[in-house]
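Each remark here refers to the structure printed beneath this line.
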Amino acid sequence: MRIKVIKIFGWLLVLTLLGGGLYYLQLSNRHKAIVKTTILHKSGLGGDWQVSYGDRQTDFYSPLFFIDNIYTSMEGPKAMRGFQINPNADDLVWINGYETTVVAADGVTELSRDFMCHTNLDYYDQSYYSKWQIPNRIGSNYPRLATLTNGMESYHYPEGFGFPIQANEYLYLSTQILNHNLKESLFGVRHKVSIFHQADSPDIKPLRPLTVFMMLPYDGENPFDNEAAKTDPSVCIPVETKNHSYQDSDGNMRSGHWVVFPGKQTYRSDISAQLEVKDSIQVHHIATHLHPFATSLKLINTDTQKVLFTADAENHLDRVGLAKITEYSSIEGFTLYADQPYELVLEVNNTSTTKQDMMASMFFGIYDADLDARLKSRFEN
């Protein structure tokens with residue numbers, strides 16, 4: 001009887017493994033990466049996050065990722081964690097810069113930044129704005145401080161500006177690897193993420209994060225079969241419909257992650273509603289997120305067609321990937337007005353022979369007059 005039970009369990013185990021294997025083989029590349037990374041990190045083989053705290057800089061070393069396949073944008077293994085600038089202090093500090101480098105498994109040897117898809121730094125807007133007693137901002141905009149991306153692996157706010165936060169207040173960090181070019185490789189990489197900050201001072205002006213991104217309409221009933229999208233930039237084929245899909249005020253479906261076909265194309269997307277300008281806003285910093293084959297992303301006044309900022313994207317000539325994206329950082333800044341419409345204009349030159357995926361976002365740092373008044377009152381009392 002006992003032998004019979006063991007045989008039954010043995011066959012069940014074999015069937016489970018076969019079923020799991022067949023299920024795994026049917027997954028997309030992105031979901032295969034999720035399965036592999038989960039097993040790697042849950043088993044402890046990938047290690048855990050490591051943190052180094054300092055007076056002006058906090059460094060985070062991600063768990064180990066493996067480059068074992070081609071991973072295009074948004075496909076590769078990733079890791080996430082909540083963190084504090086300094087869990088042992090409650091002083092106000094000012095974040096003024098952000099950088100990600102790719103290192104080998106030893107955590108020291110620097111590798112190509114082609115293996116960095118993006119690093120996202122988010123804040124918890126409910127707790128953050130509740131502390132400053134500005135509850136109307138909660139949920140008004142995606143609470144992303146910035147995204148670093150292949151081609152823009154670091155940024156710095158202009159002198160005298162920063163994002164104020166208590167050192168022991170939680171932020172949220174996620175980082176993802178990229179590999180457009182190396183086939184049949186197997187090696188480990190880690191991401192070193194550095195958050196630069198400085199001590200509190202009445203001379204620093206606060207910047208408020210504001211995210212805007214391109215969204216293009218697609219056929220909600222038949223999203224992946226639209227021949228017009230090959231030549232008409234006013235519509236798109238989404239990469240998928242589960243993520244980065246949105247419904248506008250008219251009920252139309254739009255995608256922030258879409259397919260671009262070989263050749264040159266210009267895409268336009270109105271961002272006036274995303275800006276939510278009540279009177280005027282002063283922009284002092286812009287970090288831009290793009291995918292390979294993008295050549296520029298412009299912020300334009302739609303009425304006057306005045307270009308307020310151009311993020312030029314330099315693509316590698318000998319491989320797929322972005323070498324550099326222009327950063328905007330200015331003490332003087334420029335102004336956006338409530339009674340004027342604005343749009344993002346994206347130029348793409350897909351020099352490959354196949355379709356590619358695309359995203360285009362700008363992460364603004366705008367002067368926060370309301371918060372500045374609250375901060376200044378601390379030193380006046």
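The values are calculated or read from the model by the stated rules, or taken from the named source; none is laboratory data. Everything numeric here is computed off the predicted structure, so don't read it as measured data. All Cβ positions, even for glycine, are placed from backbone atoms using ideal geometry, and neighbour counts span all protein chains on display. Just the protein is used for accessible areas: all its heavy atoms, side chains included, with ligands, DNA and RNA removed. Shrake-Rupley method; radii C 1.70, N 1.55, O 1.52, S 1.80 Å.
At a glance:
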quantity	calculated
Strands (runs of 3 or more DSSP E) contained in the stretch 312-360 and holding at least 1 residues at negative phi, open to solvent by less than 70 Å² (accessible area, probe 1.4 Å) and among the small types (Gly, Ala, Ser)	322-325, 328-337
Odd one out for THR266, checked against (1) of a type in the set (S, T, N, Q); (2) open to solvent by 70 Å² or more (accessible area, probe 1.4 Å); (3) in contact with a strand residue (DSSP E or B) (Cβ under 7 Å, 6 or more places away or on another chain)	(2)
Candidate set from the stretch 43-69 (those that are out of contact with any His (no Cβ under 6 Å at 6 or more places or on another chain), open to solvent by less than 40 Å² (accessible area, probe 1.4 Å) and touching a residue at least 40 places away in the same chain (Cβ under 8 Å)); member that is nearest to ASP200 (Cα to Cα)	THR58
Odd one out for ASN226, checked against (1) open to solvent by less than 50 Å² (accessible area, probe 1.4 Å); (2) within 23 Å of the chain's Cα centre (by Cα)	(2)
Answer from ILE67, ILE95, ILE85 - the residue that is within 30 Å of LYS278 (Cβ to Cβ) and modelled with pLDDT of 90 or more	ILE95
Filtered residues of the stretch 334-381 (kept if aromatic (Phe, Trp, Tyr) and closer than 30 Å to ALA229 by Cβ)	TYR342, PHE363, PHE364
Restricting the stretch 148-189 to residues that are hydrophobic (A, V, I, L, M, F, W, C) and within 20 Å of ASP357 (Cα to Cα), the residue that is farthest from the chain's Cα centre (by Cα)	LEU182
Within the stretch 166-216, tally of residues that are polar (S, T, N, Q) and surrounded by 21 or more Cβ atoms within 10 Å (Cβ to Cβ)	3
Residues satisfying the stated conditions in the stretch 245-295, i.e. of a type in the set (Val, Ile, Thr) and outside any strand (DSSP E or B)	ILE271, VAL277
The lone exception for ASN136 - which of (1) open to solvent by less than 50 Å² (accessible area, probe 1.4 Å); (2) free of Cβ contacts under 8 Å to residues at least 24 places away in the same chain it fails	(1)
